[in-house]
Structure formats: structure tokens, C-alpha cells
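Let me begin by presenting the structure, written as C-alpha cells, before commenting on it.
Rule-based calculations on the coordinates, nothing more; no lab input. The shown structure was predicted, so the numbers you read here are calculated from the model rather than taken from an experiment. All Cβ positions, even for glycine, are placed from backbone atoms using ideal geometry, and neighbour counts span all protein chains on display.
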Amino acid sequence: MIAHVRRLTALAALCSLGAAALTACGGAERGAPAEPTTAVRPTGSPSPSGPPTLAPGPAGLAPVFKNGPRDHGKTVALTFDADMTADQGPRAAGGERFDNPQLIDTLRRLKVPSTVFMTGRWAEEYPDQAKAIGTDPLFEVANHSYSHHAFTSRCYGLPAVAPEKMRADVERAFTAFRKAGITHPAPYFRFPGGCYDRAALRRVAPAGVTAVQWDVVSGDAFATDADAVAQEVLRGVKPGSVVVLHCTRSAAPATERAIRTVVPELRERGYRFVQVSELIGASAGRN
Ligand SMILES: [Zn+2]
């Protein structure tokens, strides 16, 4: 617990350093702003043609999903945030790698259904990889904003999106996905840094998205000890868990190695890997 707290503190410190450390802040614990508790409100009738979504929250807020049912079998969703902020183009041009093809290869080799929360800027930088991921049924691509800027006024030092531009930032990511050739992104949205409040939920609701948080923090952001990341995941996973990890080599260099430990161990414990949509569907199908 102490180590966990220390890691979060260190991450918050790193994230507050400014532009040089903004990439992986989606791996932080929930952000500082006050967050409403939004209950899972099942629709009971998911869209027949697309991934299931939750019913809107109260007062027109986007619904928030954190984890699947605990009593619906041993399923777990690994989620990978493909972070790149709107102003990191020069760093990518200078050779910094915000992608992680080796991680994607490993997930394929181990046949792990996964959900990738991609920023629109990432899809622009790596259109071939975005398309390859987005057209492979093993992966489900969801929205991590276009800019990876914050949707609350305070979020680990990330620059903030103006409230009136929040919906457009989400929709711009979907546009970038389509341009890259991702034809069916899931209508799920992960707030950069995991930071949201009621105002942000209201602003993104018209984009038709379900906000997706997590219940297991891998701590892979800026981690170099793959075994520590693996142990953190293995310690945290419960039936229905959503684990947050990263698909960004420069800011999460140990993730691929951690996955090679986590996947066989969880299978040994009887877990089945699923995409977030399956957990949402299991939640939406009950009252
Ligand atoms: Zn992120």
C-alpha cells in the first residue's frame, strides 16, 4: 500500500513537470477533481449493431463504467492507452516513440483480446499501426481524446481543454480514427489522466460516449521494473476488473515485459481476457 501510494505520488509529480512528462498520465489514479459516483445504469437493450453502451447518467451526464460484474465469471479486460498529446509532434519527429509495436505483437502472439484507448493525435502519427490495430478483431479501439489535454481544470499539470471544446476534442479523435481506416471504433471514452467531473460528463455526453475508468492501476507509466508492474496487476485483478496500462514505448517501457508475466499467470488462475465491450455488455444485461 505504501509502495502504491508512493508510486502514485511519484507519478503525479512526474505528470506535473509539464510538457516533457505528459504522455502517460492516463495511468494515474483518478484525478484530483471531485468525481461523482455514477451508478451503472443498464440499458437492457444495447444497440443491435454496435458495442453495448450504458444508459445516460442522471441529468444528461455521460455514463461512467469502472468494472464489470464481480459475479459473472473470471473475466478481466486489459486496456492500453495509446497516448500522444497534440503538441508532441516535434518530439516524435525527433525520434521519440509513442507507439509500441512489440507490445501489440505480444498481445497477438498470446491471443489476448484487448481494448486500446487511442488519442486522435496518435492515430495521425501512426496511421498504419492505427489501422492494423483497428481492423484486427483481437483489438477494440476506443477514444482517449484527440489532444490528451485535461477535461478538468486540474489534472497532473496537463493543459486544459476549454469546456466548450470538449465535445469537439472527442469527435476530432473519431474523425482521426476514420481517416486512418478504423471504421468501427467503440463509443467509449477514457478521460486523459482519468480526470473528470460533472461538467466534463455533461460536455462529452452529446458525443454519445460511455466514459471508461478502471479499478486496477498497473503503475506502468514511467516504470522500468516490469516485474513490479506485473505484481501490481496480479495483486489487483478481481473478476470483472478493468486494468489500465499503456501502449507508448517512451513513457511505459516495461509494459510489454510485464504482459508476458501477467497473461499466463492470470490464465493459470482461471481468468479469461475480454474487451471492455464484453464487460459493459455483461453489466448492461442485468438489472
Ligand atoms: Zn492517457
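Numbers at a glance
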quantity	calculated
Once the Cα gyration tensor of the range 80-177 is diagonalised, semi-axes √(5λ) in Å	24, 15, 12
Aspartates and glutamates with Cα under 16 Å of LYS179, excluding same-chain neighbours fewer than 8 positions away	GLU124, GLU125, ASP128, ASP169, GLU171
Over the range 183-261, relative contact order from alpha-carbon pairs under 8 Å, at least 6 apart, %	30 percent
Amide H contacts under 5 Å for GLY208, placed H, 5+ residues apart	none
Rounded Å value of the spacing that divides the Cα centres of the range 147-223 and the range 238-287	20 Å
Pairs from LYS165/LYS238; LYS74/LYS111; LYS111/LYS131; LYS66/LYS111; LYS66/LYS165; LYS66/LYS131 whose Cα-Cα separation, in the structure shown, is over 29 Å	LYS165/LYS238
Backbone HN-Hα couplings from phi across the range 101-108 [Karplus 6.51/-1.76/1.60, Hz, Gly and Pro as x]	x, 5, 5, 4, 4, 5, 4, 5
Whole-percent pair-distance distribution, where bins are 5 Å wide, for the alpha carbons of the range 57-284	1, 7, 15, 20, 21, 18, 11, 5, 1, 0
Sorted by Cβ neighbour density within 10 Å, fewest at the top, the residues TRP122, TRP214	TRP214, TRP122
